Amino acid sequence: MNSQDTIFVAGADTLIGSAIVRQLRRQGFANIAGTGAGAPDLTTAATVEAFFAQAKPAYVFVAAGRSGGISANQKYPADLMLNNLQVITHLVAAAHRHGVARLLYLASSCIYPRQCPQPMNVASLMTGPMELTSEPYAMAKLAGIKLCQAYRRQHGAHFISGIPADVFGPGCKFNAEDSHVVPALMLKMHEAKKNGAGSVEVWGTGSPRREFIFADDVADACVFVMREYDDNEPINLGGGADLSIREAAEAIRRVVSYTGELRFDVSKPDGAPLKRLDSSRLLAMGWRPATSFESGLQATYRSLLEWESSRK
């Protein structure tokens with residue numbers, strides 16, 4: 001990539017997408033298409049086709065598609081799966097027709113088998129059943145990887161796939177029920193602090209472990225692999241903090257300055273028991289994350305306060 005190339009970040013309003021836009025601008029890329037009001041409806045093939053014909057992007061980052069935490073996956077499995085299938089089929093087909101030089105598709109770590117050997121290596125994909133609570137969404141994300149591989153095999157397209165760890169940061173969707181774990185718990189504790197509530201409910205036992213990585217670090221990794229990586233095999237985008245849900249909740253409590261009790265509701269599902277990525281390939285290429293979990297939480301909490309202020 002060079003600074004004059006036109007780049008399209010599909011999903012520029014998402015957590016990772018907005019971080020990729022920030023990272024590109026930091027690195028001097030000025031021609032970023034399809035942001036704000038100019039973003040096409042990715043669920044409509046004709047709209048995507050018209051956008052590519054007009055914008056003519058040379059590089060495409062796919063950070064689009066609806067997502068959510070355990071609750072959202074339980075309530076909206078069909079919506080999540082259909083939306084993600086529509087997004088990737090429309091984008092990949094249009095990118096190929098319009099001669100995009102390279103496309104990076106971002107999947108999700110939930111595509112790994114539930115009982116996957118740890119840390120999770122791409123060799124384990126499709127070797128066992130997925131976590132049932134997120135299976136429809138995960139199947140759509142896995143289909144996206146396979147579609148990129150199919151275009152590479154049939155057409156020689158330089159389409160690559162990345163699998164991020166659990167991402168958090170400014171741009172999180174703050175919703176106590178449907179968000180991912182960090183923004184959901186952060187909002188719960190913030191509201192409890194404001195209202196003087198003595199406790200906050202945390203789903204599950206608190207024992208499952210997750211690898212958390214700051215959004216701007218993932219964005220930096222995405223730009224790095226877009227430049228440096230060109231292989232059929234997906235690449236894990238991790239190297240962040242490995243914490244239990246209980247440890248993450250305690251860290252969030254410190255950042256929010258919430259002094260109440262954390263009550264773990266064991267009647268609620270835990271999700272996969274352990275998810276940590278084997279990112280040795282990425283790390284061997286020379287990339288490293290720059291942000292600690294705690295400082296990432298502080299930036300995320302500042303964005304929550306800004307979000308709350310904007311709604312008043």
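FYI, it's all coordinate maths here, none of it is from the lab. The structure displayed is predicted, hence computed values, not measured ones. Virtual Cβ from ideal backbone geometry, glycine too; neighbours counted across all protein chains shown.
Normalised by residue count, the stretch 211-309 yields a Cα convex hull volume of 136 Å³ per residue.
For the stretch 27-36, the Karplus equation 6.51 cos²θ - 1.76 cosθ + 1.60, evaluated at θ = phi - 60°, returns couplings of 8, x, 7, 9, 9, 9, 9, x, 9, x Hz by residue, with Gly and Pro reported as x. For residue 230 and residue 290, the difference between the fully extended length at 0.36 nm per residue and the C-alpha to C-alpha distance is 19.2 nm. When only Cα pairs below 8 angstrom with a gap of at least 6 residues are kept, the stretch 7-310 shows a relative contact order of 20 percent. On the principal axes of its alpha-carbon atoms, the stretch 225-271 has extents of 49, 27, 13 Å, going from largest to smallest.
Across the stretch 182-199, computed HN-Hα scalar couplings (Karplus, 6.51 cos²θ - 1.76 cosθ + 1.60, θ = phi - 60°) run 5, x, 5, 5, 5, 5, 4, 6, 4, 5, 5, 4, 5, 8, x, 6, x, 8 Hz from first to last residue, x flagging Gly and Pro. Pairs of lysine residues in the stretch 7-310 that meet both criteria, 8 or more places apart or on different chains and Cα atoms under 17 Å apart, total 5.
Label-to-label distance for residue 75 and residue 101 is 4.3 nm, based on points extended 7 Å past Cα in the beta-carbon direction. Once you reduce the stretch 1-52 and the stretch 209-274 to the center of their Cα atoms, the two points are 25 Å from each other. As a proxy for reagent exposure, 285, 81 were ordered by neighbouring Cβ count within 10 angstrom, fewest first; the result is 285, 81. Shown is the FRET efficiency for residue 250 and residue 197, computed with R0 = 22 Å from the Cβ-Cβ distance and rounded to the nearest 0.05: 0.80. Three principal axis extents describe the C-alpha atoms of the chain; from largest down they are 57, 46, 39 Å. Counting only alpha carbon atoms, the long axis of helix 45-55 and the longest principal axis of the chain meet at about 70°. Counting only alpha carbon atoms, the long axis of helix 215-228 and the longest principal axis of the chain meet at about 20°. Under 5 Å from the amide H of residue 241 lie the amide H atoms of 212, each residue being 5 or more positions distant or on a separate chain, with H modelled from the backbone and absent for Pro and chain starts.
Calculated mean residue ellipticity at 222 nm for the chain: -14000 deg cm²/dmol, from DSSP H runs with n ≥ 4 weighted as -39500 (n - 2.57), summed, divided by the residue count and rounded to 500.
Taking the longest Cα principal axis of the chain as reference, the axis of helix 245-256 is set at about 80 degrees. DSSP assigns beta bridges within the chain; of those with both partners inside it, close to 15 percent run antiparallel.
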